[in-house]
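Q: Got a structure for you, written out below as structure tokens; questions coming shortly.
Just so you know, all these numbers are worked out from the coordinates, no wet-lab data involved. Keep in mind it's a predicted model, so treat the numbers as computed, not measured. All Cβ positions, even for glycine, are placed from backbone atoms using ideal geometry, and neighbour counts span all protein chains on display.
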Amino acid sequence: MYPDLNGKTVIITGAATGIGKACALRFGQEKANVVINYHSEKQVKETDEMINEIKKSGGNAISVQGDVTKEDDIKQLIKKATEEFGSLHIMINNAGIENEVPSHELSLEDWNKVISTNLTGQFLGCREALDYFLNHDIQGAIINMSSVHEIIPWPHFVHYAASKGGIKLMTQTLALEYAPKKIRINSIAPGAINTPINAEKFADPKQREGVLKLIPMGYIGEPEEIAATAVWLASNQASYVTGLTLIADGGMTLYPGFQAGKG
Ligand code: NAD
């Protein structure tokens, strides 16, 4: 547990499912004020249940609908968070999408959709949070949800890999720019995690087996294992950490092909 997170306000984008949801529930356990951003009206039931669970665990929560690709929606998200809880301390840019297409067939529309959600959406979240922190003299923390694909090339997912590679240098650049203001900006790079984005792939035993072969620790990660890294990065325990990509991947980026002395 991280006592300094008690009473802090955190916004998490794309928080109705998967990693974002696990982060929201974990910040609730830390007794933070959690602002759950969700995308689709279909996610209202889920977010209502999350609010109840967070309140039961001693935190506080509201949900705010919004599309991270829209400037006005991100501005509204910050406005609603600060109106409700008085301030903002932590911004987690988590919303992301992917789709599989051979690169020579990838439409400009699909390219733009992934880049605008995964990269531009995270930029807008960073920009608006930074603006708020600077105007209110807050030494806040920003966490961007990257991926092992900020390092590992990924055929058929060129738009996704490009977006995550972009997040890496965006995070480092902003970290450098705002370090003098003591605003910390870091990323998390999950490996293969058990969330809806992977549901179809992991339901197919052959594809699941193929993924497991890429993970030296031998299991698919749980979203709670990513949330555990997010609360640490947001807390004072990480007070001297900025510009980092924290990799949480069961060893996926350790060149598993070289295991057992191969190569
Ligand atoms: P997920 O599909 O459960 O979560 C993504 C969330 O983003 C969904 O709730 C979705 O509604 C929301 N979203 C999509 N477009 C949005 C928009 N325009 N505005 C607001 N919200 C929007 O999948 P997840 O695995 O929890 O993914 C969360 C993040 O983690 C993503 O950035 C993803 O790239 C990253 N990630 C996931 C894995 C993994 O294996 N699951 C690995 C590496 C990185």
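Q: What is the spin-label model distance, in nm, from SER87 to GLU71 if the labels are put 7 Å beyond Cα along the C-beta direction?
A: For SER87 paired with GLU71, the spin-label model returns 2.9 nm.
Q: If you don't mind, there's one more thing I want to ask. Give me the aspartates and glutamates in straight-line cross-link reach of LYS56: C-alpha distance below 19 Å, same-chain residues under 8 apart excluded.
A: LYS56 reaches GLU30, GLU46, ASP48, GLU84, GLU224.
Q: Return the whole-Å distance between the Cα centroid of the range 1-53 and the Cα centroid of the range 151-180.
A: 24
Q: Let me ask another. Percent of Cα-Cα pairs per 10 Å bin, from 0 to the last occupied bin, for the range 92-225, please list those.
A: In whole percents, the pair-distance histogram is 12, 37, 32, 15, 4, 0.
Q: Using Cα pairs under 8 angstrom and six or more residues apart, how large is the relative contact order of the range 3-251, in percent? It would help to have the intermediate numbers written out before the result.
A: Details: 496 pairs, mean separation 49.6, N = 249.
Computed value for the range 3-251: 20 percent relative contact order.
Q: Sticking with this one: Over all pairs of distinct alpha carbons, what does the Kirkwood formula give as the hydrodynamic radius of the range 104-167, in Å?
A: Details: mean 1/r = 0.0771 Å⁻¹.
Value: 13.0 Å, from the Cα pair sum.
Q: Could you give the C-alpha radius of gyration of the range 1-55 expressed as a fraction of 2.2 N^0.38 Å, taking N as the number of residues it contains? Could you put the intermediate results ahead of the total?
A: Details: Rg = 10.6 Å, N = 55, 2.2 N^0.38 = 10.1 Å.
Scaled against compact globular proteins, the figure is 1.05.
Q: Taking just the alpha-carbon atoms of the chain, what radius of gyration and Dmax come out, in angstrom?
A: Cα-based Rg and Dmax for the chain come out at 17.9, 57 Å.
Q: Kindly point out which whole DSSP H helices in the chain project their C-alpha atoms 24 angstrom or further along the helix axis while averaging a Kyte-Doolittle hydropathy of 0.0 or above.
A: Values: long enough: 158-178 (30 Å, 0.18).
Flagged H segments are 158-178.
Q: Ok, one more. Restricting to DSSP H runs of at least four residues, report the calculated mean residue ellipticity at 222 nm for the chain, -39500 (n - 2.57) per run over all residues, nearest 500 deg cm²/dmol. Walk me through the numbers before you get to the answer.
A: Values: 9 runs with 108 residues, N = 263.
Rounded to the nearest 500, it is -12500 deg cm²/dmol.
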